[in-house]
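The values are calculated or read from the model by the stated rules, or taken from the named source; none is laboratory data. This structure is a prediction, so every number in the text was calculated from the model and none was measured. Neighbour counts are summed over all protein chains in view; Cβ atoms, including those assigned to glycine, are modelled from backbone coordinates with ideal geometry.
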Amino acid sequence: MAATMKSSVAVEDVNVTFEDQQKINKFARNTNRMTELKNEILERRKTLQNLQDASDDLMLFDDNSLFIPYQIGDVFINHSQDETQEMLESAKETLEQEVQDLEKQVSAIQQVLSDLKVQLYAKFGNNINLEADES
């Protein structure tokens, strides 16, 4: 009889309300969105590094009379070394701003997730797992 009492005490019957389900769904959507944003940040940082490498390589040229092909969309347009350098700097500034904006979005989502975790763990305790798998 003691064994049956222990098992009934260990299993809590927690009702999931509509509001709870909405919070769980919001948590899942925000987790997915944060993953997408982090991937975008990684891609933009790689592009930013490529632009920095191109800018560094461009500085090594001694001949200013060379025209450098610069890709705009699907087309390559020849520019002088100075014009190309200016375009690279402009593209880098734009990407840096985009990365900062994406990082702000990730930070805001992390705050929302943190608030939702507190609320959901308060109600469900160990019956809910909101931690991301690190596999």
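Look through Asn15, Asn39 and report the one residue that is free of Cβ contacts under 8 Å to residues at least 24 places away in the same chain, under 20 Å from Glu103 (Cα atoms) and surrounded by fewer than 12 Cβ atoms within 10 Å (Cβ to Cβ). Explain how you work it out, then say what you get.
Values: Asn15 fails: under 20 Å from Glu103 (Cα atoms).
Checking each option against the conditions leaves just Asn39.
Determine which single condition Lys104 fails, assuming it passes every other condition in (1) surrounded by fewer than 13 Cβ atoms within 10 Å (Cβ to Cβ); (2) more than 15 Å from the chain's Cα centre (by Cα); (3) modelled with pLDDT of 95 or more; (4) not β-branched (Val, Ile, Thr).
With (1) surrounded by fewer than 13 Cβ atoms within 10 Å (Cβ to Cβ); (2) more than 15 Å from the chain's Cα centre (by Cα); (3) modelled with pLDDT of 95 or more; (4) not β-branched (Val, Ile, Thr) applied to Lys104, the lone miss is (2).
Answer yes or no as to whether Leu60 is more than 30 Å from Gln105 (Cα to Cα) and of a type in the set (A, V, I, L, M, F, W, C).
Here the answer is yes, as Leu60 does meet what is asked.
Out of the residues in region 58-68 meeting the condition of being surrounded by 11 or more Cβ atoms within 10 Å (Cβ to Cβ) and within 34 Å of the chain's Cα centre (by Cα), tell me which one is farthest from Val99 (Cα to Cα).
For region 58-68, the residue satisfying everything is Ile68.
For residues that are exposed (fewer than 10 other Cβ atoms within 10 Å of the Cβ) and not in a strand (DSSP E or B), tally how many sit in region 70-91.
Here the count works out to 2.
Taking region 74-109 as the region of interest, how many residues are of a type in the set (Gly, Ala, Ser) and under 13 Å from Leu58 (Cβ atoms)?
Residues in region 74-109 being of a type in the set (Gly, Ala, Ser) and under 13 Å from Leu58 (Cβ atoms): 2 in total.
When you look at Thr94, is it more than 14 Å from the chain's Cα centre (by Cα) and among the β-branched types (Val, Ile, Thr), yes or no?
yes
Could you check how many residues of region 28-69 are in contact with a His (Cβ under 7 Å, 6 or more places away or on another chain) and either of a type in the set (A, V, I, L, M) or in a helix (DSSP H, G or I) (or both)?
Here the count works out to 1.
Scan (1) over 27 Å from the mean Cα position of the chain (by Cα); (2) in contact (Cβ under 8 Å) with a residue 24 or more places away in the chain; (3) surrounded by 14 or more Cβ atoms within 10 Å (Cβ to Cβ) for the single condition Gly125 breaks and write down its number.
(3)
Please count how many residues of region 96-135 are β-branched (Val, Ile, Thr) and not in a helix (DSSP H, G or I).
1
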